[in-house]
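Enquirer: The structure follows.
The values are calculated or read from the model by the stated rules, or taken from the named source; none is laboratory data. Model, not experiment: these values are computed from the prediction. Positions of Cβ are generated from backbone atoms using ideal geometry, with glycine treated the same way; all protein chains shown enter the neighbour counts. To get the accessible areas, we keep the full protein, side chains included, count just its heavy atoms, and leave off ligands, DNA and RNA. Shrake-Rupley method; radii C 1.70, N 1.55, O 1.52, S 1.80 Å.
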Amino acid sequence: QVQLVESGGGLLQPGGSLRPSCSASGITFRFYFLSWYRQAPGKQRELFASIGSNGNARYADSVKGRFTITRDNDKNTLSLQMNDLKSEDTAVYYCNARYAAVDHWGQGTQVTVSS
């Protein structure tokens, strides 16, 4: 059974930092293309960071320079270092694992940035 479990969300003030993570089981983690998505209230889910099996990372312009996506294939863990958080980063954050056009999703973790 495939499971992706996010953790590490929270409530914090603008300018703060957070490091949510996603723990995977039931998949051969190192083969998967991994991504972070987020969905703000009233908006569509958006892709903002991804990392391939070779470790190459890509970012949306909205988070470039502030967020860093990393993967640990030994621990089956995907992480997201988020710095200089802004109110517009408030959303539910989801991890995604894709292989051979099959997607697996976590349940999401809430990140709220507010003064």
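Enquirer: Collect the residues in the stretch 89-101 that are more than 16 Å from Ala49 (Cα to Cα) and at pLDDT 95 or above, keeping them in residue-number order.
Expert: Tyr99
Enquirer: Could you go through the stretch 49-69 and let me know if any residue there is crowded, with 16+ Cβ neighbours inside 10 Å, in a loop (DSSP other than H, G, I, E, B) and modelled with pLDDT of 95 or more.
Expert: Yes, the stretch 49-69 contains at least one residue that is crowded, with 16+ Cβ neighbours inside 10 Å, in a loop (DSSP other than H, G, I, E, B) and modelled with pLDDT of 95 or more.
Enquirer: List every residue pair whose Cβ atoms lie under 7 Å apart, where the two residues are 6 or more positions apart in sequence or sit on different chains, the first residue falls within the stretch 1-13 and is under 12 Å from Tyr93 (Cβ atoms) and in a loop (DSSP other than H, G, I, E, B), and the second residue, located anywhere, is open to solvent by less than 50 Å² (accessible area, probe 1.4 Å) and of a type outside the set (Asp, Glu).
Expert: Gly8/Leu18; Gly8/Pro20; Gly8/Ser21; Gly8/Thr109; Gly9/Pro20; Gly9/Tyr93; Gly9/Thr109; Gly9/Val111
Enquirer: When the residues of the stretch 10-20 are filtered to those that are open to solvent by 30 Å² or more (accessible area, probe 1.4 Å) and under 16 Å from the mean Cα position of the chain (by Cα), which remaining residue is farthest from Ser79 (Cα to Cα)?
Expert: Only one residue fits best here, namely Ser17.
Enquirer: Select from the stretch 21-32 the residues that are of a type in the set (Phe, Trp, Tyr) and surrounded by 14 or more Cβ atoms within 10 Å (Cβ to Cβ) and list them in ascending order.
Expert: Result: Phe29, Tyr32.
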